[in-house]
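K.L.:
First the structure, then my questions, so here it is.
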Amino acid sequence: MNKNNKIKSAVLLLLLVMICSFFYAETAVGQTNETGKEILLIELSGTITAGKATYIGRLLEELEPEQMEAVVIVMDTPGGLVDATLDLARSFGATPVPVVVLVAPSGAIAASAGAFILVSSDVAVMAPGTTVGAASPIALSPGGAEQADDKTTTFLAGHMRSLARERGRPQDVAERFVTENLTLDAVEALEEGIIDFNAPNLEAMLEVIDGFQVEKEGVTFTLSTRDAVLVEREMTLRERVQDQVSDPQIAFLLLMAGAMGLYLGFGMPGTFVPEVLGGIALILGIYGLGMFDTNTAGIVLIVLGIALLAAEGLTTGFGILGVGGGISLLIGAVLLPSEPLMAPDWYPTFLSVAIVVAVSITLLSFVIIYVFFRSRRQWKDRGGSFFKPAQLAVVQEPLSPAGTVKMRGENWKAVSEDGSTIETGTTVEVTGQNGLTLVVKKSSPEQE
């Protein structure tokens, strides 16, 4: 299998995996309990990203308080994005049932953003050997990570105090997480009142908090967690994409890859691959760094996809622009959020149509690429005799000596044979080919 076929196979396999993961991710996993209430179990590990915040926020919005006893979040995180963390704290406060956060297993941490999440929970539990704290904000810059300015630190310290006051936790200790990078182990956190219990694992925690009373928005809840039925639900494809792209490390790599792709594409025009992939990567990187929201990113990618498809029809893209357009349309459709004023089944229908259209366009573009490279191989097998000696073209952009000509209804890059300037509208004769660039000369009156 040659290099071109390997590339085509890899891209096609990637598309198929994305489609399959979408249908898988939309299904819920876990048990159901028809006789009693259930507990929604969520695992929160790794960097706190916009994707994780969207995922947890969706689950908390969709839960039915008549069916759910509580929400349990098992957490192990080194920190994450400020906006995503604040979104989670708001979601916890608006959830109509108690939110329990367990830092586990032993060795897990609730650092930085994790400290905010633990303090904002209704019931906080830590396993032995775990740690919470070190929540001083940092700012990312080209020179690396550095301490955030005093204004940001003061704001987050005040917000931490507010969360602690609402949950009945010691405000001064919670504030020191931000101002002094205070860290506490499980025993110290319990002694200071930051958490409510110590428990070695999930099963033990459900035993420990059984019968515990929680007051939330004037309502007192008595937890009944012993022998509870745990229900888990997976991320959707959109949330998975958000989670990966909004990871700061991945977002930075996408940004660099996008810039490099555009640099290579503009420096070596004609292949279209670096420009197309670089443009998509750059948009995803900018979105991952939080410079615009998910809705904007989806719309920009859809517009880019349409533009690439239009360019494929108007230029000699050889299918590359079509593949890029299909991929851009697919990612944009996945990121485009549901419109709250539309019917509930609007987004699934829209996404299904978008996937079918994007995949169809991409497969068609693969066919164009295959036909193109097959014709090139046949041309080489015939000793390079691809054009007839009297093949004519019309100059579209002046050749001085390089420009564009139209031949057989397609625009081609061209260069004049003798280096002279040939004006727009002139009929020229194709005398040779250098890669994807035609070599031409002015045609004789008899040929015209």
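The values are calculated or read from the model by the stated rules, or taken from the named source; none is laboratory data. The structure displayed is predicted, hence computed values, not measured ones. Ideal geometry is used to build each Cβ from the backbone, glycine not excepted, and the neighbour counts take in all protein chains shown.
K.L.:
Of the residues in region 396-428, how many are in contact with a Ser or Thr (Cβ under 7 Å, 6 or more places away or on another chain), in a strand (DSSP E or B) and free of Cβ contacts under 8 Å to residues at least 40 places away in the same chain? Break it down into steps so the answer makes sense when it comes.
P.N.:
Taking region 396-428 and keeping what is in contact with a Ser or Thr (Cβ under 7 Å, 6 or more places away or on another chain), we get 396-401, 410-415, 417, 421-422, 427-428.
In the following step, the residues that additionally are in a strand (DSSP E or B) were identified as 396-397, 399, 410-415, 422, 427-428.
Subsequent filtering for residues that are free of Cβ contacts under 8 Å to residues at least 40 places away in the same chain retains 396-397, 414-415, 422, 427-428.
Total satisfying the criteria: 7.
K.L.:
Looking only at region 177-205, count how many residues are touching a strand residue (DSSP E or B) at 6+ places or on another chain (Cβ under 8 Å) and either of a type in the set (A, V, I, L, M) or in a helix (DSSP H, G or I) (or both).
P.N.:
The number of residues fulfilling the criteria is 13.
Residues are listed down the side, and each one gets a yes or a no for (1) outside the structural domain of R226 (by TED's automatic domain parsing); (2) buried (at least 22 other Cβ atoms within 10 Å of the Cβ); (3) over 29 Å from L59 (Cα atoms); (4) free of Cβ contacts under 8 Å to residues at least 40 places away in the same chain:
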{"site": "L86", "(1), (2), (3), (4)": "no, no, no, no"}
{"site": "V97", "(1), (2), (3), (4)": "no, yes, no, no"}
{"site": "A148", "(1), (2), (3), (4)": "no, no, yes, yes"}
{"site": "F197", "(1), (2), (3), (4)": "no, no, no, no"}
{"site": "N201", "(1), (2), (3), (4)": "no, no, no, no"}
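K.L.:
If I filter region 309-329 down to residues being in contact with a helix residue (DSSP H, G or I) (Cβ under 8 Å, 6 or more places away or on another chain), surrounded by fewer than 24 Cβ atoms within 10 Å (Cβ to Cβ) and of a type in the set (V, I, T), which single residue comes out as modelled with the lowest pLDDT?
P.N.:
If we take residues in region 309-329 being in contact with a helix residue (DSSP H, G or I) (Cβ under 8 Å, 6 or more places away or on another chain), surrounded by fewer than 24 Cβ atoms within 10 Å (Cβ to Cβ) and of a type in the set (V, I, T), then T315 is modelled with the lowest pLDDT.
K.L.:
A further question on this structure: Taking the condition of a type in the set (D, E, K, R), farther than 25 Å from P96 by Cβ and surrounded by fewer than 17 Cβ atoms within 10 Å (Cβ to Cβ), does D227 pass? Steps first, answer last, please.
P.N.:
On the way: of a type in the set (D, E, K, R): yes; farther than 25 Å from P96 by Cβ: no; surrounded by fewer than 17 Cβ atoms within 10 Å (Cβ to Cβ): yes.
So D227 fails the test.
K.L.:
Among the candidates S162, S224, S136, which residue alone is polar (S, T, N, Q), within 32 Å of the chain's Cα centre (by Cα) and part of a loop (DSSP other than H, G, I, E, B)?
P.N.:
Details: S162 fails: part of a loop (DSSP other than H, G, I, E, B); S224 fails: within 32 Å of the chain's Cα centre (by Cα).
That would be S136, the only listed residue that is polar (S, T, N, Q), within 32 Å of the chain's Cα centre (by Cα) and part of a loop (DSSP other than H, G, I, E, B).
K.L.:
A follow-up question, please. In this structure, does D76 turn out to be acidic (D, E), touching a residue at least 24 places away in the same chain (Cβ under 8 Å) and more than 21 Å from R233 (Cα to Cα)?
P.N.:
Working: acidic (D, E): yes; touching a residue at least 24 places away in the same chain (Cβ under 8 Å): yes; more than 21 Å from R233 (Cα to Cα): no.
Criteria not met by D76.
K.L.:
So, one more: Within the bounds of region 292-299, is there any residue that is modelled with pLDDT under 80, hydroxyl-bearing (S, T, Y) and under 11 Å from the mean Cα position of the chain (by Cα)? Don't jump to the end; show me each part of the working.
P.N.:
Going residue by residue through region 292-299, those that are modelled with pLDDT under 80 are 292-299.
Keeping just the survivors that are hydroxyl-bearing (S, T, Y) gives 294, 296.
Subsequent filtering for residues that are under 11 Å from the mean Cα position of the chain (by Cα) retains 294.
Among the residues of region 292-299, at least one is modelled with pLDDT under 80, hydroxyl-bearing (S, T, Y) and under 11 Å from the mean Cα position of the chain (by Cα), which makes the answer yes.
K.L.:
Find the residue count for region 165-176, including only residues that are outside any helix (DSSP H, G or I) and either within 30 Å of the chain's Cα centre (by Cα) or surrounded by 20 or more Cβ atoms within 10 Å (Cβ to Cβ) (or both).
P.N.:
Adding up the residues that qualify gives 2.
K.L.:
Right, here's the next one. Could you check D210 against (1) out of contact with any helix residue (DSSP H, G or I) (no Cβ under 7 Å at 6 or more places or on another chain); (2) in a helix (DSSP H, G or I); (3) charged (D, E, K, R) and say which number it fails?
P.N.:
Failing condition for D210: (2).
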